[in-house]
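For reference, the structure is listed below as structure tokens.
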DNA sequence: TACAACCTAACGACCGTTAGTTCGCTCGGT
DNA sequence: ACCGAGCGAACTAACGGTCGTTAGGTTGTA
């Protein structure tokens, strides 16, 4: 029975709350219940541990996003999209995975900046593409302004980031307040007025 | 002739790019051209240095924001607000002050979390209030949907944060692309359709 | 004008602590 | 007999921070 998954879980927690430099291997080992050198039985270095955790988180998040977007493509898209924001906000509050991913995408450890960006860029590019594909489906496109799928997708991602930003530096409650204000504006702005 | 301002400038740069834990006093001193103990002639500790720089940055940013918002209250507000996003994006690219402020507001050094938040919260609260006051002026309010000043202010702040988020983890060019997409959506969403 | 007293920025040397990392050993399962 | 997870000890480098001292400028007083 190996402690490898436990090490990754704890590292995720500490990286999310203290940052890469702020989370030491000694405290990670303490929280797992092992000694510091034991970590090196599973990871070549602190950077290696970080990148393993980062890749795992990216994989899981990508899977979750695609599942959510494609779960029921016939529903009104604004319902699916609003639920996605709410879901990510709740995740950010409850589990560290979303906090970790956001923090390390915004401010990666400077020595690993390039390698992190190589992983993050395709992730966001694919998310954007998936969103545009959803909105281009005739069921939804006909309710949007002409040629408005890409505009609606980019505007949505901007709003998503804005709400998550508020959730990061204040609270989920205040972020909900922002979402409630911005959502009607968004819908009026992208839907065709009949 | 004292090196105190130089120390603060360099600390700002390094805190912005490496984070609080990632920026060491030794490297700050090197970049200034002095030795590490000399820093203690001006600051009681690393935390003290950080808080001084943070407060100074907050003061300057607040001054800039108020000046921008109140510079010409008769102009169409959507012009003023769009220019403000563009200005903050440019600042983020050119000088470290905006990067520092955003990074440390999102992810303050965990030991200083509470003290940082005590400074940040009034800052953002006042920015929100100033914005609502601007939009409540009759010249602007009559172009907004009824009771829409607060909604328009919150929606704007969300979009501002979303665009800045993109500027942080990609580039100013990509953030501009988002702004171009979201801005017409915002205007259609908050203005009265005639 | 002279000069001692004072102040302060800056420094070299060094403190205790902790960081990431390596090595060689032990022990339990196969 | 082997393999690999885990550990104790120990290494080097770097951390934030303190100490006593120095050099240069300002000030007070005679």
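Of the numbered criteria (1) within 13 Å of DNA strand C (Cβ to nearest atom); (2) under 24 Å from the mean Cα position of the chain (by Cα); (3) at pLDDT below 95, the one residue A:66 fails is (1).
Scanning the range B:1-16 for residues being within 14 Å of DNA strand D (Cβ to nearest atom) and in contact (Cβ under 8 Å) with a residue 60 or more places away in the chain gives a total of 1.
When residues in the range B:1-51 are screened for being within 14 Å of another protein chain (Cβ to nearest Cβ), closer than 20 Å to residue B:95 by Cα and within 12 Å of DNA strand C (Cβ to nearest atom), 1 of them pass.
The set of residues in the range A:164-180 that are within 17 Å of residue B:190 (Cβ to Cβ) and crowded, with 21+ Cβ neighbours inside 10 Å comprises A:178, A:179. Taken over the range B:19-31, the criterion of being in contact with a helix residue (DSSP H, G or I) (Cβ under 7 Å, 6 or more places away or on another chain) and surrounded by fewer than 18 Cβ atoms within 10 Å (Cβ to Cβ) is satisfied by B:26, B:27, B:31. Of the residues contained in the range B:93-107, one or more are found to be touching a helix residue (DSSP H, G or I) at 6+ places or on another chain (Cβ under 8 Å), closer than 19 Å to residue A:103 by Cβ, surrounded by fewer than 21 Cβ atoms within 10 Å (Cβ to Cβ) and without any contact (Cβ under 8 Å) to a residue 40 or more places away in the chain.
For every residue, the table says whether it meets (1) more than 12 Å from every other protein chain (Cβ to nearest Cβ); (2) part of a loop (DSSP other than H, G, I, E, B); (3) farther than 30 Å from residue A:48 by Cα.
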{"position": "A:93", "(1), (2), (3)": "yes, no, no"}
{"position": "A:112", "(1), (2), (3)": "no, no, no"}
{"position": "A:135", "(1), (2), (3)": "yes, no, yes"}
{"position": "A:140", "(1), (2), (3)": "yes, no, yes"}
{"position": "A:154", "(1), (2), (3)": "no, no, yes"}
{"position": "A:159", "(1), (2), (3)": "no, no, yes"}
{"position": "A:180", "(1), (2), (3)": "no, no, yes"}
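The listed residues are B:70, B:81, and the only one of them that is more than 14 Å from every other protein chain (Cβ to nearest Cβ) and over 25 Å from residue B:20 (Cα atoms) turns out to be B:70.
Yes or no: residue B:173 part of a helix (DSSP H, G or I) and more than 8 Å from chain A (Cβ to nearest Cβ)? Yes, satisfied.
Results for (1) surrounded by fewer than 14 Cβ atoms within 10 Å (Cβ to Cβ); (2) touching a residue at least 60 places away in the same chain (Cβ under 8 Å), shown as yes or no for each residue.
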| position | (1), (2) |
| --- | --- |
| B:37 | yes, no |
| B:40 | yes, no |
| B:56 | no, no |
| B:67 | yes, no |
| B:74 | yes, yes |
| B:82 | no, yes |
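The values are calculated or read from the model by the stated rules, or taken from the named source; none is laboratory data. The model shown is predicted, which means the values in this text are computed figures rather than measured ones. Glycine also receives a Cβ, built like all others from the backbone with ideal geometry; neighbour counts cover every protein chain displayed.
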